[in-house]
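Some notes on the structure that comes next.
Just so it is clear, none of the values below were taken in a lab; they were calculated from the coordinates. Predicted model, so just to flag it, every value in this text is computed and none were measured. All Cβ positions, even for glycine, are placed from backbone atoms using ideal geometry, and neighbour counts span all protein chains on display.
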Amino acid sequence: MEYNDQPDQPQPPQPPGNKNKWLVPLLLGIIIGGILVMLINPDFLNNEKTEQANLAEEENNETSGSNDDSAGQPMQVDVSTQLTDIIEQVTPAVVGITNIQQNVSWGAGADGIEAGTGSGVIYKVENGETYIVTNHHVIEDADAVEVIMYDDTHMEADIIGSDLFTDLAVLKMESGNKDKAMEVGSSANLKVGEPAIAIGNPLGAYLSSTVTQGVISGTERTIPMDFNFDGQPDWQAEVVQTDAAINPGNSGGALINLYGQLIGINSMKINEEAVEGIGFAIPIDSALPVMQELEEHGEVVRPFLGVEIYSIEELPQYEWRNTLQLPLEVDGGVYVWSVENASPADKAGIEQYDVIVALDGEPVYNTIDLRKILYEQKDVGDHIKVDYYRDGELNQTEIVLEVQE
């Protein structure tokens with residue numbers, strides 16, 4: 001066994017510098033590292049501040065949003081745009097039209113009844129008179145016409161004139177203090193896909209000044225029109241196609257562009273499910289000459305031949321060869337059913353069952369072709385050469401066009 005006869009000796013104290021010698025390198029490392037970070041990414045502190053600010057903003061938004069929801073206060077949104085301003089400006093120029101007819105069975109002096117409604121457009125205000133364009137079929141057979149203004153004022157208007165083929169009519173009434181004409185634009189440079197706005201009364205005065213928006217779906221479209229409802233087209237209207245909703249009562253209303261200019265007169269709509277959304281308007285460039293002529297003469301003056309004609313395509317081939325005695329090379333034309341006495345055709349020797357195949361060398365395949373040439377290319381007083389078949393032989397005669405009395 002060992003014995004230590006030496007008492008415990010205290011350990012010598014460590015030098016004070018040994019215990020804290022690691023602090024200096026640590027501080028130097030932190031300082032150098034910070035300097036390097038600042039040199040490498042000088043936006044470090046800014047990014048930190050931005051993230052903190054964004055976080056604080058999001059928290060504030062969430063808090064304010066929850067406060068708004070709890071308060072139940074609606075958000076106020078400014079929807080005033082160029083489009084709404086234009087519509088507000090032009091809508092007063094679109095009016096309602098009521099076709100009033102006398103009921104004969106009620107006897108003389110009976111009040112008229114509302115036979116139909118449509119729309120119209122104020123296109124001119126001058127010399128104390130307001131001029132309105134609408135559709136022919138809107139005011140057809142009317143004994144009186146009532147105009148319903150934008151402010152629901154009812155005014156009586158006179159029918160200056162109307163035209164079946166273009167489906168246009170012009171009305172005139174005394175001007176009111178607030179009557180304002182719509183600016184007339186041009187349909188010559190319309191492009192497919194261009195925005196278009198239709199304004200009218202789709203279901204009469206009950207839904208007056210209804211606005212629908214769409215685009216120009218097609219230009220220079222031709223739509224067959226059957227005037228006598230015999231199932232055969234009597235004319236082809238040249239129209240602008242749009243997908244802006246045009247419904248019954250919209251007829252005669254305005255089709256405008258984004259400048260608030262009148263570019264078409266709404267005229268008709270195909271009401272079939274298979275082609276829903278197809279509407280048509282009369283191009284304003286085509287309508288203006290007709291409107292002017294109706295103002296001046298009350299009608300559109302067109303040359304006439306004085307014959308009742310039908311397309312031979314309506315007849316079976318058997319009639320072509322046997323009754324009309326047409327050669328095999330003939331593939332179209334119009335046959336004369338009757339000739340008006342002392343008419344231009346009568347004076348030129350045209351007879352019943354003659355088959356007209358050309359006017360001034362331009363082929364005629366049906367009644368539409370003949371009317372297009374006659375009404376759009378010829379004037380009263382013109383001399384035209386008519387090629388026709390009679391008893392299987394081709395003949396030619398000259399007709400001097402006159403105005404129908």
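One table, with the values for the structure above:
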item	result
Karplus 3J(HN,Hα) series, Hz, for region 122-131 with 6.51 cos²θ - 1.76 cosθ + 1.60 (x for Gly, Pro)	6, 10, 7, 10, 7, 6, x, 10, 10, 10
Cross-link pairs beyond the 22 Å C-alpha cut-off, checked among 347/378; 172/378; 191/372	172/378; 191/372
Chain lengthening between residue 220 and residue 379 when straightened (0.36 nm per residue, less Cα-Cα)	54.9 nm
Cα-projected label distance for residue 103 with residue 340, points at 7 Å along beta-carbon direction, nm	3.6 nm
Residue-wise HN-Hα coupling along region 236-243, computed from phi with Karplus coefficients 6.51, -1.76, 1.60 (Hz; x: Gly, Pro)	10, 7, 8, 9, 9, 9, 9, 9
Fewest-first ranking of 226, 151, using other Cβ atoms within 10 Å as the exposure measure	151, 226
